[in-house]
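Data block below; observations after.
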């Protein structure tokens, strides 16, 4: 399991009041063979991982599976070194900024957090506090 999104907590109303809508992300660059599993095998694996990782009990009342061979970005070994180089460029070349899912977080929340960092750096550099 790469992660789980509690979608009804992010977007209220997506699940009945006494239920949760959870999107489970499996596979990724380090386990691409997961795409070869049948829908039933994916379902069983999702349940097993949910029980193991999140201590969830019970069975879902609704399920839907999507297969995305390149669905979520994952950083490779050496990514932190690349960020160090990028941060050096940002320091040495005022006005140059790098942001987005390619750098410091693939989620929307990660991108927003980094956009705030960029905003703060911009205001600091250009004196528009």
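The values are calculated or read from the model by the stated rules, or taken from the named source; none is laboratory data. It should be emphasised that the depicted structure is a prediction, and the values quoted were computed from it without experimental measurement. Here the Cβ is made from the backbone with ideal geometry for all residues, glycine too, and neighbour counts use every protein chain on show.
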Filtering segment 9-49 down to residues that are in contact with a strand residue (DSSP E or B) (Cβ under 8 Å, 6 or more places away or on another chain) and farther than 17 Å from residue 66 by Cβ yields 20
Just one of the numbered conditions (1) outside the structural domain of residue 109 (by TED's automatic domain parsing); (2) part of a helix (DSSP H, G or I) is not true of residue 86; which one? (1)
Pair list, Cβ < 8 Å and 6+ apart or interchain, from segment 69-84 residues that are over 19 Å from residue 108 (Cβ atoms) to residues that are part of a loop (DSSP other than H, G, I, E, B): 76/29; 83/103; 83/104
Just to be sure, is residue 40 modelled with pLDDT of 90 or more, exposed (fewer than 10 other Cβ atoms within 10 Å of the Cβ) and outside the structural domain of residue 111 (by TED's automatic domain parsing)? yes
If we scan segment 24-32, do we find a residue that is surrounded by 13 or more Cβ atoms within 10 Å (Cβ to Cβ), without any contact (Cβ under 8 Å) to a residue 12 or more places away in the chain and touching a helix residue (DSSP H, G or I) at 6+ places or on another chain (Cβ under 8 Å)? no
